[in-house]
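The values are calculated or read from the model by the stated rules, or taken from the named source; none is laboratory data. Because the structure is predicted, anything quoted here is derived from the model rather than measured. Reconstructed Cβ throughout: ideal geometry from the backbone, glycine too, with neighbour counts over all protein chains shown. Areas reflect the complete protein model, heavy atoms only, side chains present, ligands, DNA and RNA absent. Shrake-Rupley method; radii C 1.70, N 1.55, O 1.52, S 1.80 Å.
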Amino acid sequence: MTILVEDTIPFGDEYFSTLGHVRRYAWQSLTPAELSDVDYLVVRSTTKVTPALLAKASKLKLVTTATAGTNHMDTHFLDKAGIAWNSAAGCNALAVAEYVISALLHAARDNRLRWPQCTVGIVGAGNVGTALARVLTVLGINYKLCDPPRQEAGDPREFVSLSEVLNCDAISLHVPLIKSGKHATQGMVNATVLAQLTASQALINACRGEVVDEAALVERCQADAPPTVILDVFENEPAIDLITMDLAWLATPHIAGHSIEGKVRGTQLVYEQVCQAMGLTPTLELDDFLTAVEPVHIQLSSPDASSLTLPDLTSIWHRVYDIQYDDRHFRKGMAESDQFASLRKHYRVRRECAAFTLMFPHTLSAGIRRQLNGLGFRFSTHPPM
C-alpha cells in the first residue's frame, strides 16, 4: 500500500510508515501524475483536492485532511468517484478556543470589554464553538449559542437567534463556509449586521474569511464608533487585503488553531482513519509524540480569591498563549514582504494549556484550583525560595 502525505503534516513519516510505503510531497506541489499509484492520500488545507488533481488516481481509496475544514476538497466529486474522504474535524477546537480567550483578555485589559460581566455570543456550536463554551463556563463568563442548523436538528442545548447574539458584548464566529442554501454562511456578517455593532462590542472571526463581507467591514471600521475587530482569517488568502488587516485591532495569519497539540491531534485522527480503511488497529497515540513543557512558576496577586482575577488570569494565560505576539509578528512580516502563506506555514511552536504545569509559591483557593483543573492545567504549590 502506498500512502502519500503532505510534508507539512507533523510526524507523518512516523505515523504512516507503520502502515505501508510512505511518500512525502512538498507543500503546494502535488501533481496528478504523482497519484497514479497511490492508495491513500493525506493532505492539509493547502492542497486543493479537485477532479483535475485526481485525474490519474486510479487506485485511490481514501483522501483525508489533517485539518478541521474540508473546503479545499471537492467532496461531491469524491462521492461520485467512489473515493472515501474524511477530515480531522475537532482537532484544533481547543486551540481556537484558547486563541479567543487570549483576545478577550486583551480586550478586557484595554477596557474594551467588561470582565467578567461580559456575554460572549458564539455563532456556530460545532467542535470549536462547543470548546469555547466549555472554557467560558469554567471562567464564569456568560455566553449565548447561535446555530440554526443544529437547533433545527434537535440539538438539546439552548440556542438564540443571530439578532440576539448581536446584542452580546463579543461575537465570536465559528461556522463552516457554506456558499448557498437555507443556512449559507458566506457573507453572513454583512453591512446590515455590521451597522448594528457598536464601539462597546468586539467581533472575532476565527473560522473563514468569506463569512464576513470584507468590503462592508472596511467601510464600518472607517466610520464612527466601529466595533473592536479581531481577525484570524481573511478573504482571498493568502493574497489578503492589507487595508482590512490594518483596520483590525488584532490580526493573525489564520493560525488560531495552530497549536502543536492541534496539529499532532490532526495527524493522529487521520492515521486512525487510514488504519480503519485498512482494517488495522491503531498502535500509536498522541502522547507518543508530545514532549513535556518545563514547569512555569506563577505568582498570583490574589491566591485566596474565589476565582482567578483578571490580572492573574491574564498573567497565566499569556504565559501560555498571547495573541498580541502573533499580531505584532504578522504585521511586521506583511510590511516587509507580504508573507501571509509563509507566516502560516512556519508558525512558531505553541502549546495548549494542558501541556503546562503551573507552580505556585502558596496555597490556592478551592475556586482557583477548580478553574485551573477545568482549563486543563496541571499545577502544584512549592515553598518560597
> Toward the positive end of the charge dipole of the stretch 1-147, about the Cα centre and with charges on Cβ (Lys, Arg +1; Asp, Glu -1), which of 32, 84, 138 goes farthest?
Replying inline: 138
>> For a protection proxy built on the mean count of beta-carbon atoms within 10 angstrom, sort 279-289, 135-145 highest first, please.
In response: 135-145, 279-289
> With axes computed from alpha carbons, what is the tilt in degrees of helix 366-375 against the longest principal axis of the chain, rounded to the nearest 10 within 0 to 90?
Replying inline: 20
> Counting only protein heavy atoms and using a 1.4 Å probe, what share of the accessible area of the chain belongs to carbon plus sulfur, as a whole percent?
Replying inline: 51
>> Going by amide H atoms built from the backbone, whose H comes under 5 Å of the H on residue 59, apart from near neighbours?
In response: 38
> Any idea how far the Cα center of the stretch 223-245 sits from the one of the stretch 128-161, in Å?
Replying inline: 25
>> Let me spell out the model: positive unit charges on the Cβ of Lys and Arg, negative unit charges on the Cβ of Asp and Glu, origin at the Cα centre of the stretch 108-266. What dipole size does that give, in debye rounded to 20?
In response: 540
> Quick one: putting +1 on the C-beta of Lys and Arg, -1 on the C-beta of Asp and Glu, what dipole do you get for the chain around its Cα centre, in Debye to the nearest 20?
Replying inline: 360
>> Quick check: the distance between the Cα centres of the stretch 293-372 and the stretch 71-103, to the nearest angstrom?
In response: 26
> residue 24's amide H: which non-local residues (gap 5+, or another chain) put their own amide H closer than 5 Å, with H modeled 1.01 Å from N in plane and none for Pro or chain starts?
Replying inline: 5
>> Just to be sure I understand: if I project the alpha-carbon convex hull of the stretch 259-317 onto a plane and average over all orientations, what area do I get in nm²?
In response: 6.2
> Which three extents, in whole angstrom, do the alpha-carbon atoms of the stretch 141-181 cover along their principal axes, largest first?
Replying inline: 30, 24, 16
>> What does the extension gain come out to for residue 79 and residue 109, with contour length at 0.36 nm per residue minus their alpha carbon separation?
In response: 5.9 nm
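Find the accessible area per residue for the stretch 142-185; the probe is 1.4 Å, ligands and nucleic acids are left out, and the unit is Å². The partial results should precede the final answer.
Details: 2490 Å² over 44 residues.
With all protein chains present, the stretch 142-185 gives 57 Å² per residue.
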> So what J values fall out for the stretch 64-74 if you push phi through Karplus, 6.51 cos²θ - 1.76 cosθ + 1.60 with θ = phi - 60°, rounded to Hz, Gly and Pro as x?
Replying inline: 9, 10, 7, 10, 6, x, 10, 5, 8, 10, 7
>> Need one word for the stretch 256-364: rounded, prolate or oblate. Basis is the Cα gyration tensor (sqrt eigenvalues a ≥ b ≥ c); a/c below 1.5 gives rounded, then a/b vs b/c decides.
In response: oblate
> With θ set to phi - 60° and the Karplus curve 6.51 cos²θ - 1.76 cosθ + 1.60, what are the ³J(HN,Hα) couplings of the stretch 143-154 in order, to the nearest whole Hz, using x for Gly and Pro?
Replying inline: 8, 10, 9, 10, 7, x, x, 5, 4, 5, 7, x
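Quick check on my link table: of 48/80; 56/179; 144/182; 179/345; 80/182, which ones sit more than 19 Å apart, alpha carbon to alpha carbon? Show your work: numbers first, answer last.
Details: 48/80 17 Å; 56/179 29 Å; 144/182 22 Å; 179/345 26 Å; 80/182 24 Å.
Those over the limit are 56/179; 144/182; 179/345; 80/182.
Place the peptides 254-262, 199-207, 270-278 in order of packing, highest mean first, counting for every residue the other Cβ atoms within 10 Å and averaging per peptide.
Listed from highest to lowest mean packing, they are 254-262, 199-207, 270-278.
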> How are the Cα pair distances of the stretch 26-68 distributed, in percent, across 5 Å bins from 0?
Replying inline: 5, 24, 36, 26, 7, 1
>> Could you check the spin-label model distance between residue 365 and residue 345? Points 7 Å from the Cα along Cα→Cβ, value in nm.
In response: 4.9
> To the nearest µm²/s, what D does Stokes-Einstein give for the stretch 100-188 at 25 °C and 0.890 mPa s, using the Kirkwood radius over alpha carbon pairs as Rh?
Replying inline: 181
> Taking only the alpha carbons of the stretch 237-285, what extent do you get along each of the three principal axes, in Å, biggest first?
Replying inline: 51, 19, 9
> Ordered by residue, what ³J(HN,Hα) values in Hz, to whole numbers, does the stretch 277-289 give under the Karplus form 6.51 cos²θ - 1.76 cosθ + 1.60, where θ = phi - 60° and Gly and Pro are x?
Replying inline: 5, 8, x, 10, 8, x, 10, 10, 10, 3, 5, 5, 10
>> Rolling a 1.4 Å sphere over the protein heavy atoms, what is the accessible area per residue of the stretch 1-76, to the nearest Å²?
In response: 40
> Residue farthest toward the positive end of the dipole of the chain, with Cβ of Lys/Arg at +1 and Asp/Glu at -1: which of 305, 248, 229?
Replying inline: 305
> Highest mean first, what order results for 91-101, 13-23 on Cβ atoms within 10 Å?
Replying inline: 91-101, 13-23
